[in-house]
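Each remark here refers to the structure printed beneath this line.
Only the coordinates and a few stated rules stand behind these numbers; no lab work does. All of these numbers come straight from a predicted model, not from anything done at the bench. Note that each Cβ is placed from the backbone with ideal geometry, even for glycine, and that neighbours are counted across all protein chains shown.
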Amino acid sequence: LSHWYFDEGSGFDKGFDLWRPRVVEKGRTTAVASSKVVFERSVQFLADHPTNEPFFLWAHSIDPKKSYLEHLDIPRFGRDIVSQYDHEIRYVDEMVAPLFKALQKRKDWSRTIVILTSEKGTDFGESINKEGLIPLAEVQQKVPLFIRIPGVRARPIKHRISLTRLFP
């Protein structure tokens, strides 16, 4: 987990056998990328976990952030704000790829559900009103949501769904 609000004592750790919060210290989350460490730890968890035992793995990365970082080993698309965002998305894609490869190599892949989503969308500052406030713009409410369930045909879901209703 990559944010201080998941620290022990937050209550989020209840029910987990292994809880490893905070890959970035409080106050530095906007200045340090977390995906590399988060997903490397996730791959290690899978390597250590027997394929005949059920598991729930929650891997939380705070990337990409509003203060777009430059990742030297990731191609750049330009310097404008959308290109910087795309650079960060590419970074997260590159960091999460080994986790998906590790999952697919496991004997239990045929019965593993994977959910990938995001905290919020981005509007690149376009929704700031004349008071300088950022209302909850529709573009911020639209987030990617990919669900892989073995045996269930892939299809787009056209209606809106709250992340609080995801599991049900």
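What residues of the stretch 31-55 lie in the reach of a label at K101, counting those whose backbone N is under 20 Å from a point 7 Å from the Cα along Cα→Cβ?
34-49
Taking 32 Å as the cut-off for C-alpha to C-alpha distance, list the pairs among K65/K101; K14/K158; K66/K105 that go past it.
Going by Cα-Cα distance, K14/K158; K66/K105 fall outside the 32 Å limit.
Spin-label point model (7 Å from Cα, Cβ direction): what's the S162 to F56 distance in nm?
For the pair S162/F56, the computed spacing is 2.0 nm.
Each residue of the stretch 110-119 in order: what ³J(HN,Hα) in whole Hz does its phi give by Karplus 6.51 cos²θ - 1.76 cosθ + 1.60, θ = phi - 60°, with x for Gly and Pro?
The phi angles translate into 5, 10, 9, 8, 10, 10, 10, 8, 10, 6 Hz.
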